[in-house]
Amino acid sequence: MNVKKLSFRAWYYFRQGWSTYFAFIFAAINTLVTTYYLAIKNIPYLTQIFPTFSVYVGVVVSTGIPILVAIGYVHFKKSAAFSSEQDVNAESNPYLFKLPPGYNVEVIFPMYLVLTKYLMKWSRDEKLTNEEINEIYELQKKINLLIDGGYVGNHPRQSKLSK
């Protein structure tokens, strides 16, 4: 692996470690300490509800975790936010083996149609014509082109990637 690729991988791992673990834990502790010692400790009514920092942490954690789990569930299952994020990731990831919607029309579904049509002929002991064999070869070429990383039809990123 070359140095440039290794440095970008290290940068990616660093950002993941920082944002997912360190910053999350640090932000949670910072929020708890700041809200307790700057807000709750100075308001007599709130000090009766939360007499110590550990009571405050216990209440916030025991109520906050279920609320945040519910918010995460809504994000993934009930809102359009996550599916939109994944659409953007799929569109921008050159290594993701996902055929864009146009390819389903030009390769995948014609292949299914040809397979079922020729399976029916085969089940009736009928022979394929030269035209039908050529149709299979054309589909095979398109499939091989996709497997090799090429494009079939008009792809919006094709002009950018071929430069």
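Placing pseudo-labels 7 Å out from each Cα toward the beta carbon at Phe14 and Leu115 gives an inter-label distance of 4.7 nm. Estimated from helical segments only, the mean residue ellipticity of the chain at 222 nm is -19500 deg cm²/dmol, where each DSSP H run of four or more residues counts as -39500 (n - 2.57). Given R0 = 22 Å, the distance between the Cβ atoms of Ile25 and Ser79 translates into a calculated FRET efficiency of 0.25.
Accessible surface area normalised per residue over the chain is 81 Å², counting heavy atoms of protein chains with a 1.4 Å rolling probe. A crude spin-label estimate for the pair Met1 and Ile147, with each label 7 Å from Cα along the Cβ direction, gives 2.8 nm. Based on every Cα atom in the chain, Rg and the maximum pairwise Cα distance Dmax equal 28.4, 91 Å.
Based on the Cβ-Cβ distance from Val33 to Ile71, what FRET efficiency comes out when R0 is 35 Å, to the nearest 0.05?
That pair, Val33 with Ile71, gives E of 0.95.
The values are calculated or read from the model by the stated rules, or taken from the named source; none is laboratory data. Keep in mind that what you see is a predicted model, and the values were worked out from it rather than measured. Note: ideal-geometry Cβ built from the backbone for every residue, glycine included; neighbour counts use all protein chains shown. The accessibility values were calculated without ligands, DNA or RNA, using every heavy atom of the protein model including side chains. Shrake-Rupley method; radii C 1.70, N 1.55, O 1.52, S 1.80 Å.
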